[in-house]
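No value in this document is a laboratory result; all are computed from the given coordinates. Worth saying up front: this structure is predicted, and the values here are computed from it rather than measured.
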Amino acid sequence: MSADFQGYEQDYSVLTAEITSRIGRIPRLVGEEKKQMVINVEKQLDEAKELLEQMDLEVREIPVQSRGMYSSRMRSYKQEMSKLEADFKRSRIAYSDEVRNELLGDDGNSSESQLIKLREERAHLLDNTEVLERSSRRLEAGYQIAVETEQIGQNILENLSQDREKIQRSRERLRETDTNLGKSSRILTGMLRRIIQNRLLLVVLAVIIVFTIVLAIYFSFRGH
């Protein structure tokens with residue numbers, strides 16, 4: 001694991017802890033203070049997402065055989081980010097004194113129907129947030145599957161490339177072997193030809209010797 005990833009990981013942990021703390025304070029704030037806090041949290045969430053992207057790039061550089069553990073950690077970080085975003089949305093629409101005063105009035109004399117309507121709207125917003133969270137989780141799962149599929153595809157391509165190189169080397173060795181066999185065959189053919197020639201010469205010599213001996217014996221008997 002590279003030092004860059006460890007640095008990103010530490011920064012992400014510190015940043016998400018601070019984001020969690022600020023999100024918890026938003027519903028208790030009012031006016032300009034609340035608005036500024038929301039802006040700050042939005043910026044920090046963007047920074048956290050950028051850190052996640054950098055960490056994801058670092059993980060992709062890790063050898064495949066060692067990547068599993070870090071991929072699991074990245075999934076946990078991304079789930080944590082989704083939860084932070086959902087909590088942030090809830091904190092912005094939570095029923096606070098500021099919202100109640102804006103809708104009901106500071107004197108608290110507005111009708112009960114307005115309060116009921118406010119609660120219904122809040123419940124509806126919360127339901128929409130839940131739907132968005134589920135959609136986000138499904139998108140995250142789809143993205144993770146796509147990443148894993150891409151990794152598998154890369155591994156297959158690497159294996160195919162290695163197999164292709166092995167086949168090419170085997171073909172080259174076969175060509176060399178075939179060439180050597182051709183040379184050996186020519187050498188053996190030449191040796192066999194010389195052996196046959198030598199044997200023919202021996203036969204001819206043997207015939208000449210036998211013929212000479214027969215003539216010598218013949219003339220020897222004739223002289224007597």
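The HN-Hα couplings worked out from phi for region 167-180 by the Karplus form 6.51 cos²θ - 1.76 cosθ + 1.60 (θ = phi - 60°) are 5, 5, 5, 5, 4, 5, 5, 5, 4, 4, 4, 4, 4, 5 Hz, whole numbers, x standing for Gly and Pro. Backbone geometry of region 56-62 corresponds, through the Karplus equation with coefficients 6.51, -1.76 and 1.60 at θ = phi - 60°, to 3J(HN,Hα) couplings of 5, 5, 5, 4, 5, 7, 6 Hz, x marking Gly and Pro.
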